[in-house]
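Report on the structure given below.
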Amino acid sequence: MKGIINKYFIAVLAIGMIASMSSCSSDDDDDDDTEVIVDNGNNDDNGGGNTPGGTVATSLSGEIATFDIAIDSLTAVTETEEVDALDEDFIENSSFSKTIKVNYNGTTATTEGTVDGVTVAVNGADVVVTAGDTKGVNYILSGKTTDGMFKVYGTKKYQITLNGVDITNNDGPAINDQSGKRVFTVLADGTTNKLTDGTSYASSTEDQKGAFFAEGKIIISGSGKLRVYGNKKAGISADDRVVIHKNANVYVKSTAGNGIKANDEIRINGGIVNVETSATAAKAISCDSIVNINGGRVICLTTGGGEYDEDDNDASACAGIKSDSTINITGGEVYCKSTGAGGKGLSCDNVINISGGKVRIVTTGKKYTYGSSDSSPKGIKADGNLTISGGDIMVRALGGEGSEGIESKGLMYITGGTLNIYTYDDALNSAKDMHIQGGTVFAYATNNDAIDSNGNLYFEGGTTIAYGASQPECGIDAAEGYNVYINGGTLVAIGGGTSYPATASKQPSIIYGGSISNGSTVTLSNGSTAVLSFTMQGNYGQSCVVLMTSPNLTKGGSYTLTSGSTSLGSVSSLASPYSTIGSVNGMGGGGMPGNNPGGGPGGRF
(Lines give C-alpha, C1' and ligand atoms only; values in the text may rest on other atoms or scores of the structure.)
Protein backbone atom coordinates (compact mmCIF):
# COMPACT_ATOMS: atom_id res chain seq x y z
CA MET A 1 0.00 0.00 0.00
CA LYS A 2 3.02 2.23 0.17
CA GLY A 3 4.81 3.66 -2.78
CA ILE A 4 6.53 6.66 -4.23
CA ILE A 5 3.99 9.28 -5.25
CA ASN A 6 4.80 12.32 -7.36
CA LYS A 7 3.83 15.44 -5.48
CA TYR A 8 2.08 18.39 -7.01
CA PHE A 9 1.79 21.49 -4.91
CA ILE A 10 -0.63 24.27 -4.71
CA ALA A 11 -0.24 27.14 -2.28
CA VAL A 12 -3.04 28.87 -0.43
CA LEU A 13 -1.49 31.94 1.11
CA ALA A 14 -2.72 33.66 4.22
CA ILE A 15 -0.26 36.47 3.50
CA GLY A 16 2.90 36.96 1.57
CA MET A 17 4.34 35.63 -1.66
CA ILE A 18 2.85 32.89 -3.80
CA ALA A 19 4.70 29.65 -3.32
CA SER A 20 6.03 28.23 -6.56
CA MET A 21 5.04 24.77 -7.76
CA SER A 22 7.42 22.28 -6.19
CA SER A 23 7.97 18.61 -5.43
CA CYS A 24 8.94 19.02 -1.81
CA SER A 25 6.62 18.84 1.19
CA SER A 26 6.02 21.23 4.05
CA ASP A 27 5.25 20.54 7.67
CA ASP A 28 4.30 24.12 8.49
CA ASP A 29 1.23 24.51 10.69
CA ASP A 30 -1.62 26.71 9.55
CA ASP A 31 -0.86 30.25 10.67
CA ASP A 32 -2.19 33.61 9.63
CA ASP A 33 1.36 34.86 9.11
CA THR A 34 2.74 31.97 7.05
CA GLU A 35 1.92 30.27 3.84
CA VAL A 36 -0.17 27.11 4.01
CA ILE A 37 1.15 24.46 1.66
CA VAL A 38 -1.25 21.71 0.70
CA ASP A 39 0.06 18.95 -1.52
CA ASN A 40 -0.84 15.60 -2.99
CA GLY A 41 2.04 13.58 -1.59
CA ASN A 42 2.14 10.39 0.40
CA ASN A 43 2.75 10.99 4.09
CA ASP A 44 3.13 7.96 6.32
CA ASP A 45 2.83 9.83 9.59
CA ASN A 46 -0.33 9.19 11.54
CA GLY A 47 -2.43 12.18 12.40
CA GLY A 48 -3.28 12.93 15.97
CA GLY A 49 -4.88 15.52 18.18
CA ASN A 50 -6.06 18.59 16.35
CA THR A 51 -3.23 18.75 13.84
CA PRO A 52 -3.35 17.46 10.28
CA GLY A 53 -1.72 14.08 9.99
CA GLY A 54 -1.21 13.94 6.24
CA THR A 55 -1.08 16.13 3.18
CA VAL A 56 -4.00 17.65 1.34
CA ALA A 57 -4.50 16.88 -2.32
CA THR A 58 -4.94 19.73 -4.75
CA SER A 59 -5.31 17.64 -7.89
CA LEU A 60 -6.43 14.12 -8.74
CA SER A 61 -3.05 13.01 -10.08
CA GLY A 62 -1.63 11.51 -6.90
CA GLU A 63 -2.55 9.17 -4.03
CA ILE A 64 -6.18 10.23 -3.74
CA ALA A 65 -6.87 8.88 -7.24
CA THR A 66 -4.62 5.83 -7.20
CA PHE A 67 -4.32 4.34 -3.71
CA ASP A 68 -5.57 0.81 -3.28
CA ILE A 69 -6.13 -1.48 -0.31
CA ALA A 70 -5.08 -5.11 0.01
CA ILE A 71 -4.48 -7.63 2.77
CA ASP A 72 -1.11 -7.06 4.43
CA SER A 73 0.03 -9.34 7.23
CA LEU A 74 3.73 -8.72 6.71
CA THR A 75 4.44 -5.00 6.92
CA ALA A 76 5.35 -4.02 10.46
CA VAL A 77 3.16 -1.58 12.35
CA THR A 78 4.13 0.92 15.01
CA GLU A 79 2.79 -0.16 18.40
CA THR A 80 1.82 2.44 20.98
CA GLU A 81 -0.29 0.49 23.46
CA GLU A 82 0.78 0.50 27.12
CA VAL A 83 -0.50 -1.88 29.78
CA ASP A 84 -3.14 -0.35 32.03
CA ALA A 85 -2.74 -1.81 35.51
CA LEU A 86 -6.41 -1.11 36.26
CA ASP A 87 -7.85 -2.72 33.11
CA GLU A 88 -8.90 -6.33 33.56
CA ASP A 89 -8.73 -6.89 29.80
CA PHE A 90 -4.93 -7.05 30.01
CA ILE A 91 -3.64 -10.55 30.70
CA GLU A 92 -0.76 -8.96 32.61
CA ASN A 93 -3.25 -8.20 35.38
CA SER A 94 -4.24 -11.87 35.83
CA SER A 95 -2.45 -15.12 36.73
CA PHE A 96 -2.99 -18.50 35.03
CA SER A 97 -0.42 -20.83 36.56
CA LYS A 98 -2.37 -24.12 36.35
CA THR A 99 -1.65 -25.86 33.05
CA ILE A 100 -3.42 -28.45 30.95
CA LYS A 101 -1.96 -29.30 27.54
CA VAL A 102 -4.01 -30.57 24.60
CA ASN A 103 -2.29 -32.04 21.58
CA TYR A 104 -4.25 -32.76 18.39
CA ASN A 105 -3.18 -35.41 15.91
CA GLY A 106 -5.46 -36.05 12.93
CA THR A 107 -8.79 -37.30 14.29
CA THR A 108 -7.57 -37.81 17.85
CA ALA A 109 -6.40 -35.69 20.75
CA THR A 110 -4.41 -36.33 23.93
CA THR A 111 -4.09 -34.30 27.12
CA GLU A 112 -1.31 -33.77 29.62
CA GLY A 113 -1.62 -32.44 33.17
CA THR A 114 -4.47 -32.26 35.66
CA VAL A 115 -6.03 -29.49 37.71
CA ASP A 116 -8.23 -30.05 40.75
CA GLY A 117 -11.84 -29.28 39.89
CA VAL A 118 -11.31 -29.54 36.12
CA THR A 119 -12.40 -32.52 34.01
CA VAL A 120 -11.38 -33.02 30.39
CA ALA A 121 -13.41 -35.34 28.17
CA VAL A 122 -11.89 -36.47 24.87
CA ASN A 123 -13.93 -38.11 22.10
CA GLY A 124 -11.74 -38.55 19.04
CA ALA A 125 -10.47 -35.01 18.59
CA ASP A 126 -13.44 -33.37 20.32
CA VAL A 127 -12.17 -31.96 23.64
CA VAL A 128 -14.69 -30.74 26.22
CA VAL A 129 -13.51 -29.07 29.45
CA THR A 130 -15.71 -28.65 32.51
CA ALA A 131 -13.94 -26.27 34.89
CA GLY A 132 -16.70 -25.27 37.32
CA ASP A 133 -15.48 -22.38 39.46
CA THR A 134 -11.78 -23.28 39.18
CA LYS A 135 -9.55 -20.25 38.67
CA GLY A 136 -6.20 -19.64 37.01
CA VAL A 137 -6.16 -22.36 34.33
CA ASN A 138 -4.13 -22.13 31.13
CA TYR A 139 -5.06 -24.54 28.33
CA ILE A 140 -2.18 -24.97 25.86
CA LEU A 141 -3.33 -26.21 22.45
CA SER A 142 -1.01 -27.61 19.80
CA GLY A 143 -1.04 -30.01 16.85
CA LYS A 144 -3.53 -30.41 14.02
CA THR A 145 -6.94 -32.01 13.65
CA THR A 146 -9.13 -32.33 10.57
CA ASP A 147 -12.25 -33.08 12.61
CA GLY A 148 -12.13 -31.82 16.18
CA MET A 149 -12.87 -28.93 18.49
CA PHE A 150 -12.18 -27.37 21.89
CA LYS A 151 -15.08 -26.42 24.21
CA VAL A 152 -15.02 -25.01 27.74
CA TYR A 153 -17.71 -24.80 30.44
CA GLY A 154 -16.96 -22.83 33.60
CA THR A 155 -17.69 -19.78 35.70
CA LYS A 156 -14.24 -18.18 35.82
CA LYS A 157 -11.95 -16.49 33.36
CA TYR A 158 -9.17 -18.60 31.84
CA GLN A 159 -6.35 -18.58 29.32
CA ILE A 160 -5.99 -20.44 26.04
CA THR A 161 -2.48 -20.52 24.62
CA LEU A 162 -2.49 -21.27 20.92
CA ASN A 163 0.86 -22.96 20.46
CA GLY A 164 0.91 -23.86 16.77
CA VAL A 165 -2.54 -25.44 16.66
CA ASP A 166 -4.71 -26.12 13.61
CA ILE A 167 -8.33 -27.08 14.40
CA THR A 168 -10.99 -27.82 11.81
CA ASN A 169 -14.46 -28.72 13.08
CA ASN A 170 -16.66 -30.04 10.31
CA ASP A 171 -19.95 -29.46 12.14
CA GLY A 172 -19.45 -26.45 14.41
CA PRO A 173 -17.01 -23.96 15.96
CA ALA A 174 -13.35 -24.86 16.24
CA ILE A 175 -13.22 -23.16 19.68
CA ASN A 176 -16.47 -22.84 21.60
CA ASP A 177 -16.43 -21.00 24.92
CA GLN A 178 -19.60 -21.51 26.98
CA SER A 179 -18.28 -19.90 30.18
CA GLY A 180 -19.49 -16.34 29.62
CA LYS A 181 -16.23 -15.03 31.13
CA ARG A 182 -12.98 -13.66 29.76
CA VAL A 183 -11.12 -15.97 27.39
CA PHE A 184 -7.54 -14.70 27.28
CA THR A 185 -6.27 -16.03 23.97
CA VAL A 186 -2.48 -15.87 23.78
CA LEU A 187 -0.77 -16.43 20.44
CA ALA A 188 2.53 -18.08 21.32
CA ASP A 189 5.61 -16.36 19.91
CA GLY A 190 6.69 -17.67 16.53
CA THR A 191 3.58 -19.81 15.96
CA THR A 192 0.86 -19.82 13.32
CA ASN A 193 -2.55 -21.00 14.52
CA LYS A 194 -5.55 -21.88 12.40
CA LEU A 195 -9.25 -22.24 13.31
CA THR A 196 -11.85 -23.40 10.77
CA ASP A 197 -15.53 -24.19 11.17
CA GLY A 198 -17.68 -26.46 9.01
CA THR A 199 -20.01 -25.50 6.19
CA SER A 200 -22.90 -26.79 8.30
CA TYR A 201 -23.40 -26.97 12.09
CA ALA A 202 -24.84 -29.83 14.09
CA SER A 203 -28.04 -28.81 15.85
CA SER A 204 -27.55 -27.56 19.41
CA THR A 205 -29.41 -25.70 22.13
CA GLU A 206 -26.23 -23.72 22.76
CA ASP A 207 -25.07 -20.65 20.89
CA GLN A 208 -22.44 -21.37 18.26
CA LYS A 209 -22.01 -18.28 16.16
CA GLY A 210 -18.63 -18.63 14.52
CA ALA A 211 -15.40 -20.54 14.02
CA PHE A 212 -14.15 -19.00 17.28
CA PHE A 213 -17.15 -18.32 19.50
CA ALA A 214 -17.43 -17.11 23.11
CA GLU A 215 -20.42 -16.43 25.33
CA GLY A 216 -18.23 -13.87 27.09
CA LYS A 217 -15.15 -11.89 26.10
CA ILE A 218 -12.42 -12.86 23.63
CA ILE A 219 -9.16 -11.08 24.44
CA ILE A 220 -6.29 -11.71 22.01
CA SER A 221 -2.63 -10.99 22.78
CA GLY A 222 0.81 -12.44 22.11
CA SER A 223 3.04 -12.04 19.07
CA GLY A 224 2.07 -15.18 17.15
CA LYS A 225 -0.36 -15.46 14.26
CA LEU A 226 -4.03 -16.44 14.25
CA ARG A 227 -5.85 -17.44 11.07
CA VAL A 228 -9.63 -17.91 11.31
CA TYR A 229 -11.89 -19.22 8.53
CA GLY A 230 -15.66 -18.91 8.86
CA ASN A 231 -17.47 -21.16 6.40
CA LYS A 232 -20.93 -21.17 7.98
CA LYS A 233 -21.13 -18.18 10.30
CA ALA A 234 -18.77 -15.47 11.56
CA GLY A 235 -15.05 -15.92 11.88
CA ILE A 236 -14.65 -14.59 15.44
CA SER A 237 -17.82 -13.97 17.46
CA ALA A 238 -18.36 -12.95 21.08
CA ASP A 239 -21.61 -12.27 22.91
CA ASP A 240 -19.70 -9.74 25.02
CA ARG A 241 -16.59 -8.06 23.61
CA VAL A 242 -13.57 -8.72 21.41
CA VAL A 243 -10.28 -7.04 22.37
CA ILE A 244 -7.07 -7.24 20.35
CA HIS A 245 -3.78 -6.07 21.89
CA LYS A 246 -0.45 -5.03 20.41
CA ASN A 247 1.80 -7.47 18.53
CA ALA A 248 -1.00 -9.92 17.69
CA ASN A 249 -1.29 -10.86 14.02
CA VAL A 250 -4.87 -11.84 13.16
CA TYR A 251 -6.39 -12.77 9.81
CA VAL A 252 -10.10 -13.61 9.46
CA LYS A 253 -11.88 -14.75 6.32
CA SER A 254 -15.61 -15.39 6.31
CA THR A 255 -17.56 -16.58 3.31
CA ALA A 256 -20.96 -16.92 4.98
CA GLY A 257 -21.19 -14.20 7.64
CA ASN A 258 -19.38 -11.35 9.36
CA GLY A 259 -15.65 -11.42 9.94
CA ILE A 260 -15.37 -10.27 13.58
CA LYS A 261 -18.65 -9.84 15.48
CA ALA A 262 -19.36 -8.76 19.08
CA ASN A 263 -22.36 -7.54 21.02
CA ASP A 264 -20.88 -5.16 23.59
CA GLU A 265 -17.61 -3.81 22.17
CA ILE A 266 -14.84 -4.38 19.66
CA ARG A 267 -11.60 -2.76 20.79
CA ILE A 268 -8.39 -2.83 18.78
CA ASN A 269 -5.48 -1.38 20.70
CA GLY A 270 -2.71 -2.69 18.47
CA GLY A 271 -1.48 -5.54 16.35
CA ILE A 272 -2.17 -6.38 12.71
CA VAL A 273 -5.78 -7.26 11.91
CA ASN A 274 -6.85 -8.32 8.42
CA VAL A 275 -10.48 -9.22 7.74
CA GLU A 276 -12.19 -10.12 4.48
CA THR A 277 -15.77 -11.20 3.83
CA SER A 278 -17.59 -12.25 0.67
CA ALA A 279 -21.11 -12.95 1.93
CA THR A 280 -24.06 -10.80 0.91
CA ALA A 281 -24.39 -7.72 3.15
CA ALA A 282 -21.63 -9.03 5.44
CA LYS A 283 -19.55 -6.78 7.64
CA ALA A 284 -15.83 -7.29 8.12
CA ILE A 285 -16.03 -5.91 11.67
CA SER A 286 -19.47 -5.62 13.27
CA CYS A 287 -20.61 -4.65 16.75
CA ASP A 288 -24.01 -4.08 18.30
CA SER A 289 -22.39 -1.46 20.51
CA ILE A 290 -19.10 0.47 20.40
CA VAL A 291 -16.12 -0.01 18.09
CA ASN A 292 -12.92 1.55 19.46
CA ILE A 293 -9.75 1.59 17.36
CA ASN A 294 -6.79 3.01 19.24
CA GLY A 295 -3.74 1.53 17.53
CA GLY A 296 -2.29 -1.10 15.25
CA ARG A 297 -3.36 -1.64 11.67
CA VAL A 298 -6.83 -2.80 10.58
CA ILE A 299 -7.56 -3.80 6.99
CA CYS A 300 -11.13 -4.71 5.97
CA LEU A 301 -12.19 -6.00 2.55
CA THR A 302 -15.80 -6.77 1.62
CA THR A 303 -16.93 -8.05 -1.78
CA GLY A 304 -20.54 -9.16 -1.24
CA GLY A 305 -23.56 -7.42 -2.71
CA GLY A 306 -26.63 -5.89 -1.08
CA GLU A 307 -29.82 -7.56 0.08
CA TYR A 308 -33.39 -6.74 1.09
CA ASP A 309 -34.34 -7.57 4.67
CA GLU A 310 -38.03 -8.42 4.84
CA ASP A 311 -38.08 -8.19 8.64
CA ASP A 312 -36.71 -4.64 8.64
CA ASN A 313 -38.37 -3.76 5.33
CA ASP A 314 -35.12 -2.18 4.22
CA ALA A 315 -32.12 -2.71 1.97
CA SER A 316 -28.69 -3.33 3.47
CA ALA A 317 -25.17 -3.81 2.16
CA CYS A 318 -21.65 -4.71 3.21
CA ALA A 319 -19.41 -2.52 5.35
CA GLY A 320 -15.80 -2.63 6.40
CA ILE A 321 -16.61 -1.55 9.98
CA LYS A 322 -20.20 -1.41 11.22
CA SER A 323 -21.47 -0.29 14.62
CA ASP A 324 -25.02 -0.03 15.90
CA SER A 325 -23.84 2.57 18.41
CA THR A 326 -20.54 4.44 18.10
CA ILE A 327 -17.27 4.26 16.18
CA ASN A 328 -14.25 5.93 17.78
CA ILE A 329 -10.89 6.09 15.99
CA THR A 330 -8.14 7.67 18.07
CA GLY A 331 -5.01 6.19 16.48
CA GLY A 332 -3.50 3.43 14.40
CA GLU A 333 -4.28 2.73 10.75
CA VAL A 334 -7.67 1.81 9.31
CA TYR A 335 -8.11 0.66 5.70
CA CYS A 336 -11.48 -0.37 4.25
CA LYS A 337 -12.37 -1.40 0.72
CA SER A 338 -15.85 -2.42 -0.39
CA THR A 339 -16.50 -3.51 -3.97
CA GLY A 340 -20.07 -4.81 -3.79
CA ALA A 341 -23.27 -2.91 -4.54
CA GLY A 342 -24.10 -0.41 -1.80
CA GLY A 343 -20.91 -1.22 0.13
CA LYS A 344 -19.54 1.16 2.75
CA GLY A 345 -16.26 1.76 4.55
CA LEU A 346 -17.32 2.93 8.03
CA SER A 347 -21.03 2.67 8.80
CA CYS A 348 -22.63 3.60 12.12
CA ASP A 349 -26.22 3.80 13.33
CA ASN A 350 -25.29 6.59 15.73
CA VAL A 351 -22.09 8.60 16.23
CA ILE A 352 -18.66 8.52 14.57
CA ASN A 353 -15.66 10.29 16.15
CA ILE A 354 -12.24 10.40 14.48
CA SER A 355 -9.55 12.17 16.48
CA GLY A 356 -6.37 10.55 15.14
CA GLY A 357 -4.89 7.79 13.07
CA LYS A 358 -4.62 7.12 9.37
CA VAL A 359 -7.84 6.22 7.53
CA ARG A 360 -8.06 5.07 3.91
CA ILE A 361 -11.38 4.04 2.35
CA VAL A 362 -12.36 2.94 -1.17
CA THR A 363 -15.82 1.97 -2.38
CA THR A 364 -16.34 0.94 -5.99
CA GLY A 365 -19.82 -0.58 -6.06
CA LYS A 366 -22.96 1.00 -7.45
CA LYS A 367 -26.17 1.66 -5.55
CA TYR A 368 -28.09 -1.47 -4.50
CA THR A 369 -31.81 -1.24 -5.28
CA TYR A 370 -34.67 -3.56 -4.39
CA GLY A 371 -38.07 -2.21 -5.31
CA SER A 372 -38.43 1.16 -3.61
CA SER A 373 -35.58 0.44 -1.14
CA ASP A 374 -31.94 1.10 -1.81
CA SER A 375 -28.53 1.25 -0.17
CA SER A 376 -25.93 3.65 -1.56
CA PRO A 377 -22.15 3.24 -1.36
CA LYS A 378 -20.55 5.58 1.18
CA GLY A 379 -17.02 6.02 2.41
CA ILE A 380 -17.95 7.07 5.94
CA LYS A 381 -21.60 7.16 7.03
CA ALA A 382 -23.05 8.10 10.44
CA ASP A 383 -26.79 8.05 11.09
CA GLY A 384 -26.10 10.42 14.00
CA ASN A 385 -23.52 13.16 14.42
CA LEU A 386 -20.04 12.89 12.94
CA THR A 387 -16.96 14.66 14.31
CA ILE A 388 -13.45 14.73 12.87
CA SER A 389 -10.92 16.45 15.11
CA GLY A 390 -7.70 14.85 13.87
CA GLY A 391 -6.20 12.16 11.70
CA ASP A 392 -5.17 11.65 8.10
CA ILE A 393 -8.23 10.61 6.07
CA MET A 394 -8.64 9.69 2.41
CA VAL A 395 -11.91 8.53 0.86
CA ARG A 396 -12.61 7.60 -2.76
CA ALA A 397 -16.14 6.61 -3.85
CA LEU A 398 -16.67 6.58 -7.61
CA GLY A 399 -19.35 3.92 -8.13
CA GLY A 400 -21.97 6.24 -9.54
CA GLU A 401 -25.18 7.73 -8.17
CA GLY A 402 -25.21 7.87 -4.37
CA SER A 403 -21.45 7.29 -4.05
CA GLU A 404 -20.65 9.83 -1.36
CA GLY A 405 -17.50 10.38 0.63
CA ILE A 406 -18.42 11.36 4.19
CA GLU A 407 -22.06 11.59 5.23
CA SER A 408 -23.77 12.46 8.48
CA LYS A 409 -27.50 12.11 9.04
CA GLY A 410 -27.05 14.47 11.97
CA LEU A 411 -24.58 17.30 12.57
CA MET A 412 -21.09 17.27 11.09
CA TYR A 413 -18.08 18.91 12.75
CA ILE A 414 -14.60 19.13 11.23
CA THR A 415 -12.27 20.74 13.75
CA GLY A 416 -8.90 19.28 12.76
CA GLY A 417 -7.12 16.64 10.76
CA THR A 418 -6.52 16.23 7.05
CA LEU A 419 -9.33 15.14 4.73
CA ASN A 420 -9.03 14.18 1.06
CA ILE A 421 -12.30 13.11 -0.55
CA TYR A 422 -12.83 12.17 -4.21
CA THR A 423 -16.33 11.07 -5.17
CA TYR A 424 -18.99 10.76 -7.86
CA ASP A 425 -21.72 12.20 -5.63
CA ASP A 426 -21.28 14.63 -2.71
CA ALA A 427 -17.84 14.58 -1.10
CA LEU A 428 -19.15 15.93 2.24
CA ASN A 429 -22.85 15.74 3.06
CA SER A 430 -24.79 16.42 6.24
CA ALA A 431 -28.51 16.17 6.92
CA LYS A 432 -28.23 18.92 9.53
CA ASP A 433 -25.78 21.78 10.13
CA MET A 434 -22.17 21.34 9.03
CA HIS A 435 -19.32 23.15 10.81
CA ILE A 436 -15.82 23.33 9.34
CA GLN A 437 -13.79 24.86 12.13
CA GLY A 438 -10.25 23.63 11.48
CA GLY A 439 -8.07 21.14 9.69
CA THR A 440 -7.41 20.96 5.97
CA VAL A 441 -9.97 19.65 3.49
CA PHE A 442 -9.80 18.77 -0.20
CA ALA A 443 -13.22 17.74 -1.53
CA TYR A 444 -13.74 16.83 -5.20
CA ALA A 445 -17.07 15.60 -6.59
CA THR A 446 -17.31 14.75 -10.27
CA ASN A 447 -21.12 14.77 -10.57
CA ASN A 448 -22.56 16.67 -7.63
CA ASP A 449 -21.76 19.23 -4.94
CA ALA A 450 -18.40 19.04 -3.24
CA ILE A 451 -19.75 20.16 0.16
CA ASP A 452 -23.49 19.88 0.70
CA SER A 453 -25.34 20.71 3.91
CA ASN A 454 -29.06 20.16 4.27
CA GLY A 455 -28.91 22.57 7.18
CA ASN A 456 -26.74 25.63 7.69
CA LEU A 457 -23.13 25.50 6.51
CA TYR A 458 -20.50 27.20 8.68
CA PHE A 459 -16.88 27.93 7.75
CA GLU A 460 -15.10 29.00 10.89
CA GLY A 461 -11.46 27.97 10.43
CA GLY A 462 -9.05 25.69 8.64
CA THR A 463 -8.26 25.48 4.94
CA THR A 464 -10.81 24.07 2.49
CA ILE A 465 -10.60 23.46 -1.25
CA ALA A 466 -13.89 22.25 -2.75
CA TYR A 467 -14.54 21.24 -6.37
CA GLY A 468 -18.12 20.54 -7.34
CA ALA A 469 -19.43 19.50 -10.74
CA SER A 470 -20.49 21.86 -13.51
CA GLN A 471 -23.72 23.85 -13.47
CA PRO A 472 -26.07 23.42 -11.67
CA GLU A 473 -23.85 21.73 -9.05
CA CYS A 474 -21.81 23.72 -6.56
CA GLY A 475 -18.53 23.86 -4.76
CA ILE A 476 -20.47 24.55 -1.56
CA ASP A 477 -24.24 24.25 -1.14
CA ALA A 478 -26.64 24.90 1.73
CA ALA A 479 -30.20 23.69 1.32
CA GLU A 480 -33.00 26.06 0.44
CA GLY A 481 -34.12 27.91 3.54
CA TYR A 482 -30.69 27.59 5.17
CA ASN A 483 -27.53 29.69 5.03
CA VAL A 484 -23.80 29.63 4.47
CA TYR A 485 -21.98 31.50 7.23
CA ILE A 486 -18.37 32.40 6.54
CA ASN A 487 -16.81 33.41 9.84
CA GLY A 488 -13.20 32.34 9.41
CA GLY A 489 -10.74 30.09 7.65
CA THR A 490 -9.46 29.95 4.08
CA LEU A 491 -11.86 28.60 1.44
CA VAL A 492 -11.75 28.15 -2.32
CA ALA A 493 -15.01 26.65 -3.63
CA ILE A 494 -15.31 25.94 -7.34
CA GLY A 495 -18.23 24.61 -9.37
CA GLY A 496 -21.00 25.47 -11.78
CA GLY A 497 -22.65 27.41 -8.97
CA THR A 498 -22.41 28.26 -5.31
CA SER A 499 -24.50 29.17 -2.31
CA TYR A 500 -24.14 32.80 -1.27
CA PRO A 501 -22.65 33.74 2.09
CA ALA A 502 -25.27 34.96 4.53
CA THR A 503 -25.32 38.68 5.37
CA ALA A 504 -24.52 37.75 8.98
CA SER A 505 -21.16 36.27 7.92
CA LYS A 506 -18.25 37.78 9.84
CA GLN A 507 -15.58 37.33 7.15
CA PRO A 508 -15.94 38.79 3.65
CA SER A 509 -15.72 36.76 0.45
CA ILE A 510 -15.19 37.33 -3.25
CA ILE A 511 -17.20 35.42 -5.86
CA TYR A 512 -16.06 35.20 -9.46
CA GLY A 513 -18.18 34.06 -12.39
CA GLY A 514 -16.74 33.43 -15.82
CA SER A 515 -14.15 31.24 -17.47
CA ILE A 516 -10.91 29.82 -16.04
CA SER A 517 -8.70 27.47 -18.01
CA ASN A 518 -7.92 24.11 -16.48
CA GLY A 519 -4.39 24.11 -15.07
CA SER A 520 -4.07 27.86 -14.85
CA THR A 521 -2.85 29.52 -11.66
CA VAL A 522 -5.42 31.93 -10.23
CA THR A 523 -4.22 34.58 -7.78
CA LEU A 524 -6.16 37.01 -5.62
CA SER A 525 -4.00 40.00 -4.74
CA ASN A 526 -4.19 43.18 -2.68
CA GLY A 527 -1.87 45.43 -4.60
CA SER A 528 1.42 43.55 -4.86
CA THR A 529 0.55 41.19 -2.00
CA ALA A 530 -0.96 37.82 -2.84
CA VAL A 531 -3.82 36.93 -0.52
CA LEU A 532 -4.40 33.44 -1.91
CA SER A 533 -3.68 31.39 -4.99
CA PHE A 534 -4.91 28.14 -6.46
CA THR A 535 -4.34 26.07 -9.60
CA MET A 536 -7.52 25.25 -11.50
CA GLN A 537 -8.26 21.50 -11.52
CA GLY A 538 -11.32 21.13 -13.74
CA ASN A 539 -13.04 22.14 -16.97
CA TYR A 540 -16.08 24.35 -16.40
CA GLY A 541 -16.16 26.37 -19.64
CA GLN A 542 -17.77 29.77 -19.33
CA SER A 543 -19.88 28.70 -16.35
CA CYS A 544 -17.25 28.60 -13.65
CA VAL A 545 -18.14 30.06 -10.26
CA VAL A 546 -15.44 30.48 -7.61
CA LEU A 547 -16.01 31.59 -4.03
CA MET A 548 -12.86 32.74 -2.23
CA THR A 549 -12.33 33.87 1.33
CA SER A 550 -9.42 34.33 3.70
CA PRO A 551 -8.88 35.89 7.13
CA ASN A 552 -6.80 38.49 5.27
CA LEU A 553 -9.71 39.86 3.28
CA THR A 554 -10.82 43.14 4.82
CA LYS A 555 -13.65 45.53 4.17
CA GLY A 556 -12.57 48.54 2.19
CA GLY A 557 -9.73 46.70 0.48
CA SER A 558 -8.95 46.62 -3.22
CA TYR A 559 -8.41 43.19 -4.74
CA THR A 560 -7.44 41.97 -8.17
CA LEU A 561 -8.02 38.47 -9.57
CA THR A 562 -5.72 37.12 -12.24
CA SER A 563 -5.38 33.88 -14.18
CA GLY A 564 -1.74 33.61 -15.10
CA SER A 565 -0.97 37.05 -16.51
CA THR A 566 -4.58 37.71 -17.53
CA SER A 567 -6.75 39.94 -15.35
CA LEU A 568 -10.15 38.49 -14.46
CA GLY A 569 -11.37 41.67 -12.78
CA SER A 570 -11.13 43.63 -9.57
CA VAL A 571 -13.08 44.77 -6.53
CA SER A 572 -12.36 48.30 -5.38
CA SER A 573 -14.20 48.22 -2.08
CA LEU A 574 -14.98 44.84 -0.54
CA ALA A 575 -18.46 44.73 0.93
CA SER A 576 -19.84 42.34 3.54
CA PRO A 577 -20.57 39.52 3.17
CA TYR A 578 -19.26 39.29 -0.41
CA SER A 579 -18.42 41.09 -3.60
CA THR A 580 -18.59 39.74 -7.14
CA ILE A 581 -16.23 39.78 -10.10
CA GLY A 582 -17.38 38.95 -13.60
CA SER A 583 -20.80 37.84 -14.80
CA VAL A 584 -21.91 36.02 -11.67
CA ASN A 585 -25.66 36.54 -11.56
CA GLY A 586 -27.56 34.08 -13.67
CA MET A 587 -24.70 31.62 -13.84
CA GLY A 588 -26.93 28.89 -12.47
CA GLY A 589 -30.49 28.13 -11.53
CA GLY A 590 -30.54 28.69 -7.80
CA GLY A 591 -31.92 32.19 -7.56
CA MET A 592 -30.64 35.39 -6.04
CA PRO A 593 -29.20 35.74 -2.55
CA GLY A 594 -31.45 36.49 0.36
CA ASN A 595 -31.18 39.79 2.16
CA ASN A 596 -32.96 38.92 5.36
CA PRO A 597 -31.32 40.14 8.59
CA GLY A 598 -30.30 36.57 9.37
CA GLY A 599 -28.77 36.02 5.97
CA GLY A 600 -31.54 34.90 3.67
CA PRO A 601 -32.10 31.57 1.97
CA GLY A 602 -28.54 31.14 0.75
CA GLY A 603 -29.28 30.93 -2.95
CA ARG A 604 -27.21 29.23 -5.65
CA PHE A 605 -25.82 30.86 -8.78
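The values are calculated or read from the model by the stated rules, or taken from the named source; none is laboratory data. Quantities reported herein were computed from a predicted structural model and do not represent experimental measurements. When we count neighbours, we look across all protein chains shown, and the Cβ atoms used for this are built from the backbone with ideal geometry, even at glycine. Ligands, DNA and RNA are stripped out before the accessible areas are found, and what is left, the full protein with its side chains, is counted by its heavy atoms. Shrake-Rupley method; radii C 1.70, N 1.55, O 1.52, S 1.80 Å.
Annotations
- R0 of 25 Å, Cβ-Cβ distance Ala121-Glu206: FRET efficiency to nearest 0.05: 0.95
- Of all accessible heavy-atom area on the stretch 219-293, the percent that carbon and sulfur account for (1.4 Å): 37 percent
- Under 5 Å, built H, 5+ apart or other chain: amide partners of Ile299: Val273, Asn274, Val275, Tyr335
- Amide N proximity, the stretch 492-529 versus Thr566 label position 7 Å along Cα-to-Cβ, cut-off under 17 Å: 512-524
- DSSP-defined beta bridges in the chain - what % are antiparallel, rounded to 5: 20 percent
- Using a probe of 1.4 angstrom and keeping all protein chains present, the accessible surface of the stretch 380-477 works out to 20 square angstrom per residue.
- The 3J(HN,Hα) values that the Karplus relation (6.51, -1.76, 1.60; θ = phi - 60°) gives for the stretch 386-395 are, in residue order, 9, 10, 10, 10, x, x, 10, 10, 10, 9 Hz. Gly and Pro appear as x.
- In a DSSP loop and with at most 14 other Cβ atoms within 10 Å, the GluC sites (Glu not before Pro) in the stretch 188-274 are Glu206.
- Stretch gain in nm, segment Gln542-Ala85, where the contour uses 0.36 nm per residue and the Cα spacing is subtracted: 158.0 nm
- Ranking of Thr415, Thr523 by solvent-accessible surface, largest first: Thr415, Thr523 (1.4 Å probe, protein heavy atoms only, all chains present).
- Neighbour-limited loop hits for chymotrypsin sites (Phe, Trp or Tyr not before Pro), the stretch 485-541 (at most 12 other Cβ within 10 Å; DSSP other than H, G, I, E, B): none
- Placing Leu74, Leu428 in order of accessible area, with the largest value first and a 1.4 Å probe, yields Leu74, Leu428.
- Net dipole in debye of the stretch 263-353 [+1 Lys, Arg Cβ; -1 Asp, Glu Cβ; about Cα centre; nearest 20]: 640 debye
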